[in-house]
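Questions regarding the structure given below will be posed in turn.
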Amino acid sequence: MGNLGASLRVVDAGVSPTPTAPADPASQLSPHRERVVDATLVCLARHGTLKTTVDDIARQAGLSRATVYRAFPGGRDEVLAAVVDTEMARLFSALGVRLGEARDLTEALVAGIVEASSRIRDHAALGFLVAHEPEMVLGHLAFDESDRLLATASRFTAPFLARWMSPAEAGRVAEWATRIVLSYAIAPSEHTDLTDPMQATRLVETFVMPGIRALNASGSHPPIDITPFGLRSEPSTGTPSPASSIRGPALADQDRLATAGPSTDHPEGDRS
């Protein structure tokens with residue numbers, strides 16, 4: 001299962017900084033690849049990774065075992081890696097359509113959040129893995145693995161948001177929106193359903209947009225850095241920050257804010 005774990009890391013280089021969805025890996029090299037990937041998704045939704053075999057995949061795809069191996073010489077691990085790559089490409093493709101159709105920033109944020117949240121919720125294979133093999137999924141949505149996912153999603157989404165803000169702000173907001181989706185996906189709330197456009201709109205208008213307006217009002221536009229947090233260096237030592245690699249991305253953000261000093265957006269005199 002090591003190859004599946006590696007593929008879940010979502011390599012940064014696989015996504016262009018321009019708003020173009022990655023190519024669907026299942027459409028390349030063999031006419032049977034997409035058929036095998038889709039069959040594997042059905043098998044994973046039924047049995048998970050531990051009980052899914054190449055024979056199961058071949059039977060579901062209506063192909064011979066030899067044909068599956070010709071399309072994926074690396075066998076089951078290569079098939080599972082292709083499933084992850086393909087589903088990520090499909091997600092980004094759908095997000096690109098929704099974001100490209102948006103007429104303003106609020107609409108873009110709501111559309112992206114709803115699309116991503118709905119695809120995560122309705123993904124049968126992912127749902128089975130979360131319920132029965134959580135270590136295969138949740139372990140890759142925390143710490144350094146989530147850093148890679150945040151960086152990848154931010155680089156893809158930011159150019160769409162840059163229609164309404166500077167590139168630096170767009171990168172920051174894209175990362176923020178991705179964090180919101182991941183947070184609610186990992187720990188769903190009975191009070192907020194981000195697959196519901198009305199609830200997503202309320203969250204964006206209540207919390208996200210005021211933060212963006214405050215950022216604009218501050219007149220400060222620091223360059224965005226979406227290098228995986230676990231790979232960032234401490235200014236004094238040049239070595240990876242233990243807080244970044246151990247405490248995770250959210251707490252690492254708090255550490256950076258703390259070391260940056262008091263915020264100029266909220267002077268002491270404005271506090272109630």
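Just so you know, all these numbers are worked out from the coordinates, no wet-lab data involved. This is a predicted model, so every value here is computed, not measured. With ideal geometry, Cβ positions are generated from the backbone for all residues, glycine too; neighbour counts draw on all protein chains shown.
I need the phi-derived Karplus couplings for the stretch 154-169: 6.51 cos²θ - 1.76 cosθ + 1.60, θ = phi - 60°, integer Hz, Gly and Pro marked x.
5, 5, 6, 7, 3, x, 5, 6, 5, 5, 10, 7, 5, x, 5, 5
With each label point set 7 Å from Cα along the Cα-Cβ vector, what nm distance links R163 and E133?
Taking the simple label geometry, R163 and E133 are separated by 3.9 nm.
To continue, here is another question. Would you mind putting 51-61, 171-181 in packing order, based on average other-beta-carbon counts within 10 Å, highest first?
The peptides rank, most packed first, as 171-181, 51-61.
Once you list every other residue whose beta carbon is under 13 Å from the beta carbon of F207, what net charge do they have if Lys and Arg are +1 and Asp and Glu are -1?
Neighbour charge sum, excluding F207 itself: +2.
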